[in-house]
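K.L.:
Mind having a look at this structure? Questions to follow.
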Number of protein chains: 2
Amino acid sequence: MKIAVIGTGSVGRTLAGTLETLGHQVTIGTRDIAATLARDTPDQLGTPPFALWHADRPEVGLATFAEAAADGELVVNATSGLASLEALSGAGAANLAGKVLVDVANPLDYSQGFPPGLDPVDSDSLGERIQRAFPEARVVKTLCTVNTKVMVDPARVGGGEHTIFLSGDDAEAKAVVGALLAAMGWRDIIDLGGIRTARGQEMLMRNWLNLLTTLGTADFNIKVVR
Amino acid sequence: MKIAVIGTGSVGRTLAGTLETLGHQVTIGTRDIAATLARDTPDQLGTPPFALWHADRPEVGLATFAEAAADGELVVNATSGLASLEALSGAGAANLAGKVLVDVANPLDYSQGFPPGLDPVDSDSLGERIQRAFPEARVVKTLCTVNTKVMVDPARVGGGEHTIFLSGDDAEAKAVVGALLAAMGWRDIIDLGGIRTARGQEMLMRNWLNLLTTLGTADFNIKVVR
């Protein structure tokens, strides 16, 4: 499948590399190709320059937001949450229409420092905002409840015996995403229902941040025991 | 230990009955004893009249908020979240001072129907509000992430192999509460840190409500796999 990953940070890179390894044809979308390739220092989160990563994964394409989305059969939003709507607007509503749009972002607001808050929270979610902004896209919220490394390698924690969630209004889109998750090694995938249930996924972030501090590692996840 | 359970609903009754069975001397606190005993129809949540329950558990005392709290060495807040501060004010700051105050409530706001929202959420928590309102109490947030039946009988789900959390500023108070949890059968108890981490516990409610709908049962919990 031709997949566009919107976002050049560690989440976008990790998902792009893994999806390429799984046999998909992946293109990363960025606001400004030249600027992305020219950067030669780590970003504010400490992520190494994109060009360094891309030198090891030349098979992953690099294009503008709009070019990547236009060419993709499935689009992944891997931008930072507060920048997602703007980035997806750059991708273009017409280029997202009818496509599965996988939203893995959390709307983290660092304006008050660490730990970040969520904006929106409880009465709305980023997943719903994206679905409202792009009503012809088939938004599926997932993977926002674990660290990047765990996203693509669930077995690195507890032998993979833990849970990942799906939220979305389009059952067929959720089936497509569920198959991608299974290919990455996810075995316990819970479909929570419509995109409104993205609120619950995003709000897990607050306790995830508690646990990050308490456990001193991001290598954990929750399992729904039932 | 002499324990006061503030709140006559199903959470208060279940915790009171279990703590009594575990050997503690338990008194339930209510706003109005006569009114509580006179009620002869189920409440709005379908909980049977208190007097019916109390007939089977006469060894559990019934007193006013203030009498129960004054007599208790440890106090449990088992009121509905939006009524907690008022009920605890009725119990009286002087009667809570220096005592372990176990807060198991979620600040559920049903004003928009079901599922309820949380108020406060993310930038504050009920646990923190209680600690601020009663600075001399030693507030410990716990048990707000599971159904009432699971609270007191974790083994009813997955053999008890799942997680419960503690948040609070007083390490000794958390140790006391951790021992009570262990007596109820909890084996995986994670101390998240200060009372500020109550936000993460309370915010799990949103996905708990998702799962309640999806799974069609309240007999579940999360395990932190690490």
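The values are calculated or read from the model by the stated rules, or taken from the named source; none is laboratory data. Quick caveat: nothing in here was measured; it's all calculated off a predicted structure. Neighbour counts run over all protein chains shown; Cβ positions are idealised from the backbone, glycine included. We work out accessible area using only protein heavy atoms, side chains counted, and drop any ligands, DNA or RNA first. Shrake-Rupley method; radii C 1.70, N 1.55, O 1.52, S 1.80 Å.
K.L.:
Check off (1) open to solvent by less than 20 Å² (accessible area, probe 1.4 Å); (2) more than 20 Å from A:G81 (Cα to Cα); (3) of a type in the set (A, V, I, L, M, F, W, C) for A:A51 and give me the number that stays unchecked.
P.N.:
Of everything listed in (1) open to solvent by less than 20 Å² (accessible area, probe 1.4 Å); (2) more than 20 Å from A:G81 (Cα to Cα); (3) of a type in the set (A, V, I, L, M, F, W, C), A:A51 misses just condition (1).
K.L.:
Just to verify a result, which residue in the range A:172-209, among those that are surrounded by fewer than 23 Cβ atoms within 10 Å (Cβ to Cβ) and free of Cβ contacts under 8 Å to residues at least 24 places away in the same chain, is nearest to A:L118 (Cα to Cα)?
P.N.:
Out of the qualifying residues, it is A:G178.
K.L.:
Looking only at the range A:114-121, decide whether some residue is in a strand (DSSP E or B) and either within 12 Å of chain B (Cβ to nearest Cβ) or open to solvent by less than 20 Å² (accessible area, probe 1.4 Å) (or both).
P.N.:
yes
K.L.:
Out of the range A:16-32, which residues are in contact with a helix residue (DSSP H, G or I) (Cβ under 8 Å, 6 or more places away or on another chain), open to solvent by 40 Å² or more (accessible area, probe 1.4 Å) and more than 16 Å from A:L180 (Cβ to Cβ)?
P.N.:
The answer is A:R31, and nothing else.
K.L.:
So for the range B:154-162 (the condition being of a type in the set (V, I, T) and away from chain A (no Cβ under 13 Å)), does at least one residue qualify?
P.N.:
No.
K.L.:
For the range B:160-171, what are the residues that are open to solvent by 10 Å² or more (accessible area, probe 1.4 Å) and within 17 Å of B:F134 (Cβ to Cβ)?
P.N.:
Hits for the range B:160-171 are B:D169, B:D170.
K.L.:
Here's a follow-up. Search the range A:123-150 for residues that are on the phi < 0 side of the Ramachandran plot and pair each with any residue that is of a type in the set (K, R) and at pLDDT 95 or above when their beta-carbon atoms are under 7 Å apart and the residues are at least 6 apart or on different chains.
P.N.:
A:S125/A:R199; A:G127/A:K141; A:E128/A:R196; A:A137/A:K99; A:R138/A:K99; A:V140/A:K174; A:K149/A:R156; A:V150/A:R156
K.L.:
Another question, then. Go through (1) under 12 Å from the mean Cα position of the chain (by Cα); (2) in a strand (DSSP E or B) one by one and return the number of the condition B:L143 breaks.
P.N.:
(2)
K.L.:
Going through the range B:129-159 one residue at a time, which ones are open to solvent by less than 20 Å² (accessible area, probe 1.4 Å) and closer than 20 Å to B:L88 by Cβ?
P.N.:
B:I130, B:F134, B:A137, B:V139, B:V140, B:K141, B:T142, B:L143, B:C144, B:M151
K.L.:
Taking B:V102 as meeting all but one of (1) within 14 Å of chain A (Cβ to nearest Cβ); (2) not in a helix (DSSP H, G or I), write down the number of the exception.
P.N.:
Evaluating B:V102 over (1) within 14 Å of chain A (Cβ to nearest Cβ); (2) not in a helix (DSSP H, G or I) leaves (1) as the failure.
K.L.:
Of all residues in the range B:26-50, count the ones that are within 17 Å of the chain's Cα centre (by Cα), in a loop (DSSP other than H, G, I, E, B) and among the β-branched types (V, I, T).
P.N.:
1
K.L.:
Search the range A:168-226 for residues being hydrophobic (A, V, I, L, M, F, W, C) and assigned to a loop (DSSP other than H, G, I, E, B), and hand back the single one that is nearest to the other protein chains (Cβ to nearest Cβ).
P.N.:
A:F220
K.L.:
Please count how many residues of the range A:96-122 are in contact with a strand residue (DSSP E or B) (Cβ under 8 Å, 6 or more places away or on another chain) and either closer than 14 Å to A:A69 by Cβ or touching a residue at least 12 places away in the same chain (Cβ under 8 Å) (or both).
P.N.:
Final tally of qualifying residues: 17.
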